[in-house]
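Colleague: Please read through the structure below; I'll follow up with questions.
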Amino acid sequence: MAHFGIPAKQLTQIIATIGLIGGSIVILWLLTLRIPDFGSYENRIIAESTKLYDRTGKVLLYNAHDQIRRTVVPLSEISDQAENASIAIEDANFYNHYGVEPLAIIRAVVVNINTGRLEQGGSTITQQVIKNTLLTQDKKITRKIKEWILSIKLERKLTKKQILELYLNEIPYGGNLYGIEEASKAFFGKSARDITLAESAYLAALPQAPSYLSPYGNHPDKLEERKNLVLKRMLAQKFITEKDYNDAKKEKVLFAKPDNRSIKAPHFVFYVLEQLAEKYGDDEVRNGGLRVITTLDWEAQQKAEEIVKRYGEQNRASYNAGNAGLVVMDPKNGQILTMVGSVDYFDVEHEGNFNITTAKRQPGSAFKPFVYATAFNEGYTADTVVFDIPTEFNASCSASHTPLVSGTNCYAPVNYDGTYAGPITFRNALAQSRNIPAVKALYLAGIKDSFDTARKMGITTLEDYRRYGLTLVLGGGEVTLVDMTNAYSVFANDGVFNPKISILEIRDSDRKILQKFEDNSNQILPPNTARLISNILSDDAARAPVFGAGSPLNVPGHQVAVKTGTTNDYRDGWIVGYTPSVTVGAWVGNNNNTPMDKRVAGIIVAPMWNAFMREYLAGLPNEYFIAPEPTPTDLKPVLRGSWQGGSGSIFDQGGSVHSILYYVDKDNPREPAPANPSSDPQFRNWEASVMSWKGQTGYIETATQDDETNVEPGELDIKIENISKKYDKEDEVIINLERYSGVASVKFYLNDTYLGTLTKKPYRFSFYPSEMSDIKNRNTIKVIGYDINNNSKEDTEVLNIKI
């Protein structure tokens, strides 16, 4: 039988001849392979070094092999424990194989049989010596075969001890550190012959992923896990005893201060290196000769580092806030412009290497805008009225917080200052960061919908929404500063989301483009929702009752939207603010989660944020947010600012006072009022708290549906409660009114400078003298009370401050 016109016998001969020739070529190729020259190792490393630059491509941030640090020492000068640790974790059968492990090779081939590339490991120490010397980091099958053959040849030429010596003198430990001697000196300040068992285990743990596991990076927990794995392997292979193992696990190892000469913006650099290693692998990052243009604005980074260090040291001394971080982002494209992950990266004593901007922390009230944005999406308005009064939110508890079912935990949050504002709009509730209205807003908007909004806006760390319940709005979930800055950028960018980006371009050693920034924007929020949030967060008058006028939340000459957050136990202080062109997020607290002094974020973190914003925006024109659409006039009164009824339903008594659930179906707020409000599980407790409020305040319902005035009867009169105390500048000053009959609103002034207006009893106003620009030893507090006809009466009181 013939194939292609060629007789079968002749075809067989042709195939055999081709096979013989091909096999001969392979054999000749294998015979010509030469063991590499180990002497030129450092020169080849330098030639293939990866470099990171700022966004201009001119400022070198990091050179993977700048000023290579490598000291070659004989094996006799290396601790036996260090040798054994490396063997235990890297190549347990080192002394028994001939350069390669056939079973490991078979496993690698099987795992990757369908890829055409060897992604699975299986390298012996001998193979790693060859691989590190060849410096060809691709994973093609031909390279792997070459590595196997050369490993066998090397085993025939050198002893096991010589191969181990080569390995320990060449292995990378991160950055410009090569070889165990230099790594020992850099990390522990001692020679490799003097390191302890625990220190040996740390060094053996590093080569698997030097960037990710770096003791100066952001994964000390992962380094600790791998160090313990090394010790476990050493115990299993009888290199150490059970006692040695337990003692080493408990040993507290202190790493030396990192070298700051060869790196700029270190937290950002490690953040980028981790991304590169995840995508391209550690070998390629170290030796691939990559040229990486990052998004970093070096000029802004230097300003940020100086300001965070200055205010961070002050906060550490004054408020027991040991660390701080700051992130700057361009909201129009998601590019990270600065990243400062601690007060001082090189401060080992205070764990300066830990990048707090990527750490999971509770955000406190800084999470609230995501919830209000969700509510706006679903038909609620900035003028929607809820009651800021004591409220029980567990439907399995009575309004008086008594469990109705055995084992039930009641839930009745309070406001940070312990006061209640009564009826309040969503605008004022968000601007003043009132907790109880925020929990009501979350219930109305829906926990899952609010959770989904935050996730879509860039909050990546939240888990199952069912874990959080109504605590989500008060910061019950953990987030990162870089994610929060990214998410707030959606508000700044008119509802358009851009994924956070740290890399503009990557080129390989041949200058071929591997990666380039592309626009991946997506409209996440309706533009009007983003505009409403920006309008509220930039409304100084709305937040003045809590923060005072002219507080550090304001940046003179610029419209800036901003929100703070403080966790209940004062472990975290947050602030995120933005203009249409820049978003800046900042955090203060302690890495170990211990509480700070009991001061809100507006006192501790806001001045640092404000200082950076002023410098960054100096000389730039003021940009204005696009104004949101006004609240429609045809909505039911409770959605347009009236808290005295007017639903248009059969329940409308005109001027009656009820909770919002009396007037709206929470899932369809603009539809007709519910026929049976009590069918909502929250209605009973919300309504009971409003009835209780009515009784306590002596409120008398009127027949006028849209009458929004809640005033005391009688002649207009107002008087400030006597201020006998002499305050320090850092104290919180609280202004209470002794009398306020006939009063509908009160304006507060300090030395004739307007502070803010209150429209709800008990007209209690507070501020911090340190935040006031014209504070003196002797000051005048003035209040002007207005009735419903705009008649006014004023009173003054002296306020003494220790300057």
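The values are calculated or read from the model by the stated rules, or taken from the named source; none is laboratory data. The structure displayed is predicted, hence computed values, not measured ones. Because the Cβ atoms are built from the backbone with ideal geometry, glycine has one as well, and the counts that use them run over all protein chains shown. Heads up: the accessible areas ignore ligands, DNA and RNA and are worked out on the full protein's heavy atoms, side chains in. Shrake-Rupley method; radii C 1.70, N 1.55, O 1.52, S 1.80 Å.
Colleague: May I ask which of Lys360/Lys500; Lys58/Lys516; Lys161/Lys222 have a Cα-Cα span longer than 26 Å here?
Modeller: Those over the limit are Lys161/Lys222.
Colleague: Quick check on the chain: helices-only [θ] at 222 nm, where DSSP H runs of length 4 and up contribute -39,500 (n - 2.57) each and the sum goes over total residues. Nearest 500, please. Let's see the in-between values first.
Modeller: Values: 24 runs with 277 residues, N = 803.
Calculated mean residue ellipticity at 222 nm is -10500 deg cm²/dmol.
Colleague: Please compute the contact order of the chain in relative form: average sequence separation of alpha-carbon pairs under 8 Å and at least six residues apart, divided by the residue count, as a percent.
Modeller: Here the relative contact order equals 10 percent.
Colleague: Treating only the Cβ atoms of Lys and Arg (+1) and Asp and Glu (-1) as charged, compute the dipole magnitude of the chain about its Cα centre; round to the nearest 20 debye.
Modeller: Working: 88 positive and 96 negative charges, 527 e Å.
I would put it at about 2540 debye.
Colleague: Efficiency by 1/(1 + (r/R0)^6): what FRET value for Arg466 and Thr633, r their Cβ-Cβ distance, R0 = 56 Å, to the nearest 0.05?
Modeller: Numbers: r = 39 Å, r/R0 = 0.70.
It comes to 0.90.
Colleague: Return the distance in nm (one decimal) between the two label points of a simple spin-label model at Lys160 and Ser581, each offset 7 Å from Cα along Cα→Cβ.
Modeller: Taking the simple label geometry, Lys160 and Ser581 are separated by 6.7 nm.
Colleague: Grab the alpha carbons of the chain, take their convex hull, and tell me the volume per residue in Å³. It would help to have the intermediate numbers written out before the result.
Modeller: Working: hull volume 192.9 nm³, N = 803.
Taking the convex hull of the Cα positions in the chain, it is 240 Å³ per residue.
Colleague: What does the highest-first list of 238-251, 372-385 look like by mean Cβ count within 10 Å? Each step should come with its number before you reach the end.
Modeller: Working: 238-251: 14.4, 372-385: 23.6.
So the order, starting with the most tightly packed, is 372-385, 238-251.
Colleague: Give me the one-decimal Kirkwood hydrodynamic radius in Å for segment 514-619, with the sum taken over alpha-carbon pairs.
Modeller: For segment 514-619, the Kirkwood estimate is 15.4 Å.
Colleague: If the cut-off is 20 Å between C-alpha atoms, which lysines fall inside it for Lys309, apart from same-chain ones fewer than 8 positions away?
Modeller: The qualifying lysines are Lys257, Lys264.
Colleague: Still on this structure, please answer the following. Hey, which lysines would be in cross-link range of Lys598, C-alpha to C-alpha under 19 Å, not counting anything within fewer than 8 residues on its own chain?
Modeller: Lys563, Lys729
Colleague: By how many degrees, 0 to 90 and rounded to 10, does the Cα axis of helix 435-445 deviate from the longest principal axis of the chain?
Modeller: 70
Colleague: Hey, what do the phi angles of segment 581-595 turn into as Karplus ³J(HN,Hα) couplings, whole Hz, using 6.51/-1.76/1.60 and θ = phi - 60°, x for Gly and Pro?
Modeller: My calculation for segment 581-595 gives 10, 8, 10, 10, x, 9, 9, 9, x, 10, 4, 8, 6, 6, x Hz in order.
Colleague: Which percent of the accessible area of the chain is formed by carbon and sulfur heavy atoms (probe 1.4 angstrom)? Don't skip to the answer; put the middle values down first.
Modeller: Details: 17330 of 34440 Å².
Solvent-exposed carbon and sulfur of the chain make up 50 percent of the total.
Colleague: Once the dipole of the chain is set up with Lys and Arg at +1 and Asp and Glu at -1 on Cβ about the Cα centre, which of Thr391, Cys410, Leu620 lies farthest towards its positive end?
Modeller: Farthest towards the positive pole: Leu620.
Colleague: List, in order, the whole-Hz ³J(HN,Hα) value for each residue of segment 321-328 obtained from phi through the Karplus relation with A = 6.51, B = -1.76, C = 1.60 and θ = phi - 60°; use x for Gly and Pro.
Modeller: Running phi through 6.51 cos²θ - 1.76 cosθ + 1.60 with θ = phi - 60° gives 9, x, 9, 7, x, 8, 10, 10 Hz.
Colleague: Rg and Dmax of segment 228-268, Cα atoms, in Å?
Modeller: 16.3, 44
Colleague: A follow-up question, please. Jot down the radius of gyration and Dmax of segment 341-382, Cα atoms only, both in angstrom.
Modeller: 17.4, 52
Colleague: Shifting gears a bit: Roughly how many nanometres apart are two label points built 7 Å out from the Cα toward the Cβ at Asn520 and Asp244?
Modeller: 4.8
Colleague: Quick check: residue separation of Glu251 and Asp80 times 0.36 nm, minus the Cα distance between them. What number comes out in nm? Could you put the intermediate results ahead of the total?
Modeller: On the way: separation 171, 0.36 × 171 = 61.56 nm, distance 1.84 nm.
Stretched out fully, the Glu251 to Asp80 stretch lengthens by 59.7 nm.
Colleague: If you count, for each residue, the other Cβ atoms within 10 Å and average over each peptide, how do 453-461, 622-630, 667-675 line up from highest to lowest? Write out the running numbers ahead of the final one.
Modeller: Numbers: 453-461: 19.7, 622-630: 13.3, 667-675: 15.0.
Averaged packing, sorted descending, gives the order 453-461, 667-675, 622-630.
Colleague: Moving on. Using only Cα atoms, locate the centre of segment 540-597 and the centre of segment 493-523, then give the distance between them in Å, rounded to an integer.
Modeller: Distance between centres, Cα-based: 29 Å.
Colleague: For the pair Tyr98 and Ala317, what calculated FRET efficiency results from E = 1/(1 + (r/R0)^6), where r is the Cβ-Cβ distance and R0 = 45 Å, to the nearest 0.05? Don't skip to the end; give the middle numbers.
Modeller: Working: r = 63 Å, r/R0 = 1.39.
Efficiency, from the Cβ-Cβ distance: 0.10.
Colleague: Test of understanding: what is the full-extension gain from Gln208 to Leu229, defined as 0.36 nm times their sequence separation minus their Cα-Cα distance?
Modeller: Numbers: separation 21, 0.36 × 21 = 7.56 nm, distance 1.24 nm.
6.3 nm is the gain from fully extending Gln208 to Leu229.
Colleague: Moving on to the next point. Positive end of the charge dipole of the chain (Lys, Arg +1 and Asp, Glu -1 on Cβ, about the Cα centre): tell me which of Ser724, Ala375, Ala673 has its Cα farthest that way.
Modeller: Ala375
Colleague: Pull up all non-local amide H partners of Ile501: gap of 5 or more, or a different chain, and H-to-H distance under 5 Å with H placed in the peptide plane.
Modeller: Excluding prolines and chain starts, which carry no amide H, the hits are Gln335, Ile336.
Colleague: Distance between Cα centroids, segment 295-323 to segment 429-444: provide it in whole Å.
Modeller: When both Cα centres are located, 31 Å separates them.
Colleague: Roughly what would the spin-label model give for Glu505 and Cys410, points 7 Å off Cα along C-beta, in nm?
Modeller: For Glu505 paired with Cys410, the spin-label model returns 6.5 nm.
Colleague: In whole Å, largest first, what are the principal axis extents of the Cα atoms in segment 146-284?
Modeller: That works out to 46, 43, 27 Å along the principal axes.
Colleague: I'd like to check one number: the per residue accessible area of the chain, probe 1.4 Å, reported in Å² as a whole number. Provide the component values of the computation, followed by the final result.
Modeller: Values: 34440 Å² over 803 residues.
Here the per-residue accessible area is 43 Å².
Colleague: Apply 1/(1 + (r/R0)^6) to the Cβ-Cβ distance of Arg778 and Arg310, taking R0 = 30 Å, and write down the FRET efficiency to the nearest 0.05. List each step's numbers first, then the result.
Modeller: Values: r = 31 Å, r/R0 = 1.05.
Calculated value: 0.45.
Colleague: Further, regarding this structure: Could you give the length gained on full extension between Lys726 and Asn622, defined as 0.36 nm per residue of separation minus the Cα-Cα distance, in nm? If you can, show how the numbers build up before the last one.
Modeller: Values: separation 104, 0.36 × 104 = 37.44 nm, distance 3.95 nm.
That works out to 33.5 nm of additional length.
Colleague: Give the angle, between 0 and 90 degrees and rounded to the nearest 10, that separates the Cα long axis of helix 481-492 from the longest principal axis of the Cα atoms of the chain.
Modeller: The answer is roughly 50 degrees.
Colleague: Separate question: Starting with the highest mean, order 284-293, 270-279, 343-352 by the number of other Cβ atoms within 10 Å, averaged over the residues of each peptide.
Modeller: Those peptides, ordered most packed to least, come out 284-293, 270-279, 343-352.
Colleague: While we're here: Through the Karplus equation 6.51 cos²θ - 1.76 cosθ + 1.60, θ set to phi - 60°, convert the phi angles of segment 156-163 into ³J(HN,Hα) values in whole Hz; use x for Gly and Pro.
Modeller: Going residue by residue, I get 7, 8, 10, 7, 4, 4, 5, 5 Hz, with x marking Gly and Pro.
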